[in-house]
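Take a look at the structure below.
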Amino acid sequence: APSLGRVFGIHDTENAGAAQVALAEGAVELLVRVSRAAGPLLLVVDDLQWTDPASRDVLLRLAHRIAEVPLALVFASREDGRSSPAFDRLLNLDRTRFEVVRPSPLIGRDVEELIRVHLGYEELDQALVRRVESLAGGGATITTKALRTSLDTAALRPKGGGLAFDPA
C-alpha cells in the first residue's frame, strides 16, 4: 500500500486506506467511462469466491453504479461456504437490478452427456459415469477435472474403438 499511496499523493501509512479507496473508485470510473464510450459491455468474473478484497470492493462499487451505464455484470461463484462480506453485499443489492441464477447440479444423464461430448465417444462405460458423478458432486467443472484426472492417471484409456475404465 505505501507505493500505491505515493501514486495517489498519499505519503503516510495512516492514509493507506484512502489510497485503496481512490484506486477502487478510479477503476470503477474507468469501467464506467469505457462502457459509456464503447457501448454495451459484458464483464464476467468467474470464481468470485477467490477474488481478493480489493477486487471485490471494485465489483461492489461497480454494481452500485450499474444503472448508470450500458454494462452487464456476470459473477460465477461456488456456494461452498467461502462467501465474503462483499459478495454477500452484492446479493443484498436491489433485486430489480440483477438476478441470481443457481444452476441445478449435473446428475445421471447430464454427467454422461458431458463426458460423451468432452471425450467424443458415443458408448461409455457406466462405471466411469458413476465414478465421475460421485467425485464431481454435481459440478460441471469438477466433472471435467475428474475426467481429466482419470485420463492422466491411466484409469481411463483408449481400447479398441472405445474407452476402458479401470478404477484400481
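Every read-out reported here was derived from the displayed coordinates using simple, explicitly stated rules and does not represent laboratory data. Just so it is clear, the model here is predicted, and its values are computed rather than measured. Reconstructed Cβ throughout: ideal geometry from the backbone, glycine too, with neighbour counts over all protein chains shown.
In this structure, L151 and V34 have a Cβ-Cβ separation that, at R0 = 41 Å, corresponds to a calculated FRET efficiency of about 0.50. The simple spin-label model puts a point 7 Å past each Cα toward its Cβ; for R78 and L93 those points are separated by 2.4 nm.
Quick one: length gained pulling A140 to V100 fully straight, 0.36 nm per residue minus the C-alpha distance?
Numbers: separation 40, 0.36 × 40 = 14.40 nm, distance 1.82 nm.
My answer for the length gained is 12.6 nm.
For A72, the residues 5 or more places off, or on other chains, whose built amide H falls under 5 Å of its own are L41, L42, L43.
Once R0 is set to 35 Å, what does the formula 1/(1 + (r/R0)^6) return for the Cβ-Cβ distance between V21 and R109, expressed as a FRET efficiency to the nearest 0.05?
On the way: r = 50 Å, r/R0 = 1.43.
For R0 = 35 Å, the calculated efficiency reads 0.10.
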